[in-house]
Structures are given as structure tokens and as C-alpha cells.
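The next block holds one structure in the form of C-alpha cells; read it before the comments.
What follows draws every value from the coordinates through simple rules; no lab data is involved. In this text the structure is predicted, and so the values were computed from the model without any measurement. Here the Cβ positions follow ideal geometry from the backbone for every residue, glycine too, while neighbour counts run over all protein chains shown.
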Amino acid sequence: MEEEDDYFASNTTATDDVLDADAMGVSTDPPLHPFVAWILAMPSELFRNQVIIVKVIAFLSAMGSAYIIYSMMRRKQLDRTFNRLLLALSVSDFVSSLTFFVGSW
């Protein structure tokens, strides 16, 4: 029985190292959730790439919404319900795109 305990104690997997908050230098009062520890152990390049992707997509979405808002206001055809809903949706998308763009700084 002691041989099995020694075997498991000496053979740790890579996920044990990733999920161990003390090995990462993170001291927490309550233990970290495994997902949070995994996020903290990710390399910084992955986060940088994710931030760049989010910024590009948010910028393109904001520009598309801004064009729809501009074209709707220029024509001044807000008499139909569809046009008013499209304008409201575009304004909402523009604001949310800006929050995604600015939110990662």
C-alpha cells in the first residue's frame, strides 16, 4: 500500500502544476477554482492575441453600425417601423461595440 502512495505522490501531471495556485505564486485565502487557476496560468501571448481579435471585431462592428446610423439619418426615412427598429438596433450595437473595444484596455 505504501508503494502505491509513493508512486502517486511522486508522479504529478502537468495539470496539477497548472492548477496549483501556490506554484504560480498566487496566494489566496480561499482556494482558487480550477478554471480561474487555469486562466491565471495561461501564457500572456494568448491573452494578447485575444485582445487584438476582440478589438478588430469590435472596431469593424462599430464602423458598420456607424454607417447604418449615418445612412438612416441622412435619408431621414424614419416613418416606417422597420427603419426605426433598425436605427435603434444599430445604435445599441454601436454602443456595445465601443464598450468591447474600450473594455480590454
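Consider residue 82 against the criteria (1) in a helix (DSSP H, G or I); (2) surrounded by 11 or more Cβ atoms within 10 Å (Cβ to Cβ): it satisfies all of them except one. Which criterion is unmet? Going through the list (1) in a helix (DSSP H, G or I); (2) surrounded by 11 or more Cβ atoms within 10 Å (Cβ to Cβ), residue 82 breaks only (2). Scanning the stretch 49-79 for residues that are buried (at least 16 other Cβ atoms within 10 Å of the Cβ) and under 22 Å from the mean Cα position of the chain (by Cα) gives 55, 58, 61, 62, 65.
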